[in-house]
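The values are calculated or read from the model by the stated rules, or taken from the named source; none is laboratory data. Keep in mind it's a predicted model, so treat the numbers as computed, not measured. Neighbour counts are summed over all protein chains in view; Cβ atoms, including those assigned to glycine, are modelled from backbone coordinates with ideal geometry.
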């Protein structure tokens, strides 16, 4: 007898139990993949809580779970962001948090639910994965499956690209992540440009570390510079004070102010570079994502072993760009980051657009290696 085709059922979820099912699904999907970073479940619950995540103040989000014989086999979100639409003067639909088995029927059912939701809102283009926006994790991994990613980078299944290609989704943007090693030899060309930048800076520019005791005061100019510096890049949407507060509160628990640099001119902040210890190296050891009963102890123990830094954010005011200040900040980060006692063997970047020539040029000057590539996909309907 021929086995009957088992239907895929997709449900839009709303209650707390189903949201927890949505959060829990990847732990099962990736349980044998040691390069996947298990997020802390408590952090995910806060992230998806509209009362705690300011993103929900300007976006509408729906969640879908795919079932096969009452077993969860996939998940995805569909969302629309008012800040994005206002900034780009458009109506853009997004999908995010895509995870599924390697099954074309599952992918078809999930993405059909996303497309139907977007069509009902008269949205004609879908972009993703965006978890939820470019201020969070984005893209499908296409190269770099052999190692765990740094903080704020995704690790995804290698078959996702093919599944969505079959459904008409195409490459929209490429993203790169670079690595600098402790053996890094700063090239003569870089040294010359750096020296020229330092000469330009002279005594009027000063570099200092962030003051975590005055974090709220420090964040205001950082937010202004970030929103100005990245406003012309693809995918940028302004970060609200609430969103940067949320990010800062998450990161301050494990940040090291020695690797967060601010550059000032006459005591006015004109640029910054934020690097953090790569907490993913510790999270990797907590495979179930639970802090209790033993996860917290594992986190503390493995935090001491972190030997990789992650460059999170860089921004320089428009009038001071292309003067080499970015190079000065990167050089400072590399030189300080590879010193004892908190010695990083490697420093990696979060994603950089492959079309961002200034940033990619800096990486080339540093002789950094591309260690990961991502794609953001889109579909017209």
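Structural remarks
- Flag if residue 209 is closer than 26 Å to residue 376 by Cα and surrounded by fewer than 16 Cβ atoms within 10 Å (Cβ to Cβ): no
- Entry remark, the range 223-244: residues being in a helix (DSSP H, G or I) and either without any contact (Cβ under 8 Å) to a residue 60 or more places away in the chain or more than 17 Å from the chain's Cα centre (by Cα) (or both) number 9 in total.
- Odd one out for residue 144, checked against (1) on the phi < 0 side of the Ramachandran plot; (2) surrounded by fewer than 20 Cβ atoms within 10 Å (Cβ to Cβ); (3) within 21 Å of the chain's Cα centre (by Cα); (4) at pLDDT 95 or above: (1)
- Residue in the range 282-295 that is within 21 Å of the chain's Cα centre (by Cα) and either within 18 Å of residue 194 (Cβ to Cβ) or outside any loop (DSSP other than H, G, I, E, B) (or both) present: yes
- The single residue among 107, 113 that is touching a helix residue (DSSP H, G or I) at 6+ places or on another chain (Cβ under 9 Å), in a helix (DSSP H, G or I) and more than 30 Å from residue 252 (Cβ to Cβ) turns out to be 107.
- For residue 151, the conditions (1) under 23 Å from residue 250 (Cα atoms); (2) modelled with pLDDT of 95 or more; (3) crowded, with 21+ Cβ neighbours inside 10 Å are fulfilled apart from (2).
- Yes/no for residue 161 being surrounded by fewer than 24 Cβ atoms within 10 Å (Cβ to Cβ), outside any loop (DSSP other than H, G, I, E, B) and within 19 Å of the chain's Cα centre (by Cα): yes
Let's see how each residue does on (1) modelled with pLDDT under 85; (2) within 23 Å of residue 42 (Cβ to Cβ); (3) in contact with a strand residue (DSSP E or B) (Cβ under 8 Å, 6 or more places away or on another chain):
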residue	(1), (2), (3)
184	yes, no, no
199	yes, no, no
221	no, no, yes
227	no, no, no
237	no, no, yes
243	no, yes, no
286	no, yes, no
290	no, yes, no
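- Applying the criterion of at least 1 residues that are surrounded by 22 or more Cβ atoms within 10 Å (Cβ to Cβ), in the same structural domain as residue 258 (by TED's automatic domain parsing) and at pLDDT below 85 to the strands (runs of 3 or more DSSP E) found wholly in the range 297-381 leaves an empty list.
- Residue within the range 254-275 that is part of a loop (DSSP other than H, G, I, E, B), closer than 14 Å to residue 150 by Cα and modelled with pLDDT of 90 or more present: no
- Of the candidates 109, 113, 78, the single residue that is within 14 Å of residue 132 (Cβ to Cβ) and modelled with pLDDT of 95 or more is 78.
- Hits in the range 64-101 (condition: buried (at least 21 other Cβ atoms within 10 Å of the Cβ) and out of contact with any strand residue (DSSP E or B) (no Cβ under 6 Å at 6 or more places or on another chain)): 84
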